[in-house]
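Taken together, the values in this text are just the output of simple stated rules run on the coordinates, not laboratory data. None of the values given here were measured: they were computed from a predicted structure. No Cβ is skipped: glycine too gets one built from the backbone with ideal geometry, and neighbour counts run over all protein chains shown.
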Amino acid sequence: MPQLLLLSVFILLFSACSTTTYNKTIAQGKIENPDIIITAADKSFILHGAFNSPFQSSTRYNSLEIRDHELPKAYKLALHHGAQHVRIKVPAKEKELYGVLALDKADKDGIGPGTQSYKIIIPQPYIDAAREGKISVVYEYYHLKNEGLLDVGDIKERSWILWLSDQDVFR
């Protein structure tokens, strides 16, 4: 009998962790560097400067599920959840980079500017790291309101993720 009670408490605690609801649409965004252009591989959209979100994916990679060091290989699952193959034109590179872009909905309990719009910034070190077939990953994160029984204040929810490489390693 004590085992049944312990199991019930365990299920109750962990079911409370899964109350995350990704239903807050992020309708717009901006690529901070005006010289960067992201184009869908199938040419269905072009993102340059301020943009309306051309799609919503459901990647849902928070820092508890996928750690930062695990992100480079996570593009495969992201593609199954609506992320798109893209090409990225960056300054000082003649050849476009290949990529996968996830533009996710936000958690209803998310706080911060990352829940309102996408702010895509691709720092030069990440561009430089995407060479010789290596994958570089950039993203924006936000936090959750800390109102429940469990402390969720340190969980990073990612609103967008961009995987980059100089070779088409994403197919």
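Globularity index of segment 82-171 is 1.26 (Cα radius of gyration / 2.2 N^0.38 Å, N = number of residues).
In percent, how large is the relative contact order of the chain, given Cα pairs closer than 8 Å and 6 or more residues apart? It rounds to 25 percent for the chain.
Placing +1 on the Cβ of every Lys and Arg and -1 on the Cβ of every Asp and Glu, with nothing else charged, gives the chain a dipole about its Cα centre of roughly 360 debye.
Once the Cβ-Cβ distance of ALA92 and GLN116 is raised to the sixth power relative to R0 = 35 Å, the FRET efficiency obtained is 0.65. Length gained on full extension, ASP151 to LYS73: 25.3 nm, using 0.36 nm per residue less the C-alpha separation. Protection proxy ranking of 135-145, 154-164, by the mean of other Cβ atoms within 10 Å over each peptide's residues and highest first, is 154-164, 135-145. Its Cα gyration tensor gives segment 15-114 an equivalent ellipsoid. The semi-axes, each the square root of 5 times an eigenvalue, are 26, 16, 13 Å from largest down. Applying the Kirkwood pairwise sum to the alpha-carbon positions of the chain produces a hydrodynamic radius of 17.1 angstrom.
Every Cα-Cα pair of segment 23-69 was included, and the share exceeding 17 Å stands at 51 percent.
The residues packed around VAL152, meaning those with a beta-carbon under 15 Å from its beta-carbon, carry a net charge of -2 if Lys and Arg are +1 and Asp and Glu are -1.
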